[in-house]
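For reference, the structure is listed below as structure tokens.
The values are calculated or read from the model by the stated rules, or taken from the named source; none is laboratory data. On a predicted model such as this, the values are computed, not experimentally measured, just so you know. Here the Cβ positions follow ideal geometry from the backbone for every residue, glycine too, while neighbour counts run over all protein chains shown. Heads up: the accessible areas ignore ligands, DNA and RNA and are worked out on the full protein's heavy atoms, side chains in. Shrake-Rupley method; radii C 1.70, N 1.55, O 1.52, S 1.80 Å.
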Amino acid sequence: MHDTVQLLADAPAQLLPARSLMAFTLASHIILVPLGVALPLITLIMHGYGLRRGDATALLLARRWSAVMAVQFAIGVVTGTVLSFEFGLLWPGLMGRWGDVFGIGFGVEAWAFFLEAVLIAIYLYGWRRLPARTHFLLGLPLPAAALLGAFGILAANSWMNTPRGFTLDAVGNPVDVRIWKAIFTPMFGPQYWHFVVAMLLTAGYVVAGVYAVGWLRGRRDRYHRLGFTIPFTVAAVFTPVQFVLGDSIARQVFQKQPVKFAAMEIVWKTDTHVPEYLFGRLHPDGTVSGGIKVPQLDSILAGFSPDTRVTGLTSVPADQRPNPTQATIAHWAFDIMVGIGSLLALLALWYGLVWLRRRRLPASPWFYRGAAVAGVASVVAVECGWITTEVGRQPWIVYENMRVAEAVTSTRSTSLWIMFGLVVVVYVFIFASFLAVLLRMRTHWRLSDEAGGTGASARTPETDTPYGPRSTIPAGSAAGPGGDGTATSPGERP
């Protein structure tokens, strides 16, 4: 019988719906993570720039981004809380047996969420209510709180990939737990920094992409230029850094999780002079169809020499490795992630060369078309990164210590499928509401900008400041959101 069919037949009926539900909620939540982790830093960079230069446009952008940050955080709390419950509900075997070892990561994340909520509330409330310098200083801990949350969840995930910090008793239960070793596992450093930099460049490209679309639609004032330049510069600076970190984490996987590396590169048999396949499909007999084969490249990439010995999937029994379908999924996800990263590097190089040579932004519409797409492409790359690490670890939920099938709930599969359907409906509503709120905020800001520029004495978005007195729209000017011609200035409300 086909290996994949055999393994599915042997798996508990609850496994497929439980994994599908977890995958859907994780994939949904991770869309919000880049803004949650990196938008506070980008906002504060814009804020600091505005204060240093007395730039009202920069301060206005920072204030508006802080409003987006708050809405995103609220949605992220909901989706993140669902994930936390799912760990206990869907994987009681994991939490019951191993929770004392790696659960500290979730505790750190919970405290980070609480701290970040308080700091965002203070920062959002502080516009127009606190002295400029005090307000900015109170916002500085925000990026640290966001990184602390990432620290907690990455500590837990890296432990699942390279479990450490415990010994097993006679019946296989963990004892003698050493928390620091459980947190700082061999994969923690590479995973954490790779993830953090991915969030920075993804958030930068997402935010810049909004203003790139505005540029393509003819809105080329200073507001849009500045809104594009700072986040795109942050992303462009971190893109080559990510290549170095990506290479580092791939080598760590090669050394610490050789079977996962074999799945990522669809290597069937342990050998030297192993070719690299760009895409392609692995079959149960070990053959690869489709894709582009580059002789010896996989060995060279893994150990800088064609003589490097690369472990193959057949080095372990079939029930201890990803099946051919899972290996193909991990391989495609890995190749898509690397491919998107390469294209983003070219876009960043284009930007850097134009800036160094001419000290201005690129003028080509094709550059801005690429920048407009870069945000979505970055999110896809992040999704592919998680697919690679999670699917490539199969069948283990704790690498070489517990299989996914051993951890899954005993709840009836029918109930899990019903739960999955309900979660999909709820998430569609949540994300539709999130999009609707963002679009309404954009419309409000645009109307406010247009109203603020009406009349000779009216202040424009480029001169009004969130720290100055509230300006009003002159009588007879375009009505603001209230429809009575007395709308506030662009900086008055986020």
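Screening Leu90, Leu83, Leu94, Leu115 for residues that are within 22 Å of the chain's Cα centre (by Cα) and open to solvent by less than 40 Å² (accessible area, probe 1.4 Å) leaves exactly one candidate, Leu83. Looking across region 353-371 at every residue that is open to solvent by less than 30 Å² (accessible area, probe 1.4 Å) and either at pLDDT 90 or above or over 17 Å from Ile230 (Cβ atoms) (or both), the one that is nearest to the chain's Cα centre (by Cα) is identified as Ala371. Across region 158-174, not a single residue is classified as over 18 Å from Ala381 (Cα atoms), touching a residue at least 40 places away in the same chain (Cβ under 8 Å), surrounded by fewer than 19 Cβ atoms within 10 Å (Cβ to Cβ) and of a type in the set (Lys, Arg).
Count of region 210-240 residues, restricted to those that are more than 15 Å from Leu61 (Cα to Cα), β-branched (Val, Ile, Thr) and open to solvent by 60 Å² or more (accessible area, probe 1.4 Å), is 1. When the criteria are applied in full, Asp285 meets the requirement of being open to solvent by 30 Å² or more (accessible area, probe 1.4 Å) and over 32 Å from the mean Cα position of the chain (by Cα). When the test is whether a residue is part of a helix (DSSP H, G or I), at pLDDT 90 or above, open to solvent by 80 Å² or more (accessible area, probe 1.4 Å) and not polar (S, T, N, Q), Val424 does not pass it. From the list Glu406, Glu390, the one residue that fits, being touching a helix residue (DSSP H, G or I) at 6+ places or on another chain (Cβ under 7 Å), open to solvent by 20 Å² or more (accessible area, probe 1.4 Å), part of a helix (DSSP H, G or I) and among the charged types (D, E, K, R), is Glu406.
Considered as a group, the residues in region 294-335 that are in contact with a strand residue (DSSP E or B) (Cβ under 6 Å, 6 or more places away or on another chain) and open to solvent by 40 Å² or more (accessible area, probe 1.4 Å) include one that is farthest from Ile249 (Cα to Cα), and that residue is Val294. Condition (residue is under 30 Å from Leu416 (Cα atoms) and within 18 Å of the chain's Cα centre (by Cα)) applied to region 34-43: is it met by at least one residue? Looking through region 34-43, at least one residue is under 30 Å from Leu416 (Cα atoms) and within 18 Å of the chain's Cα centre (by Cα).
Could you tell me whether any residue of region 243-257 is in contact (Cβ under 8 Å) with a residue 24 or more places away in the chain, open to solvent by 50 Å² or more (accessible area, probe 1.4 Å) and closer than 30 Å to Met46 by Cα? Yes, because at least one residue in region 243-257 is in contact (Cβ under 8 Å) with a residue 24 or more places away in the chain, open to solvent by 50 Å² or more (accessible area, probe 1.4 Å) and closer than 30 Å to Met46 by Cα.
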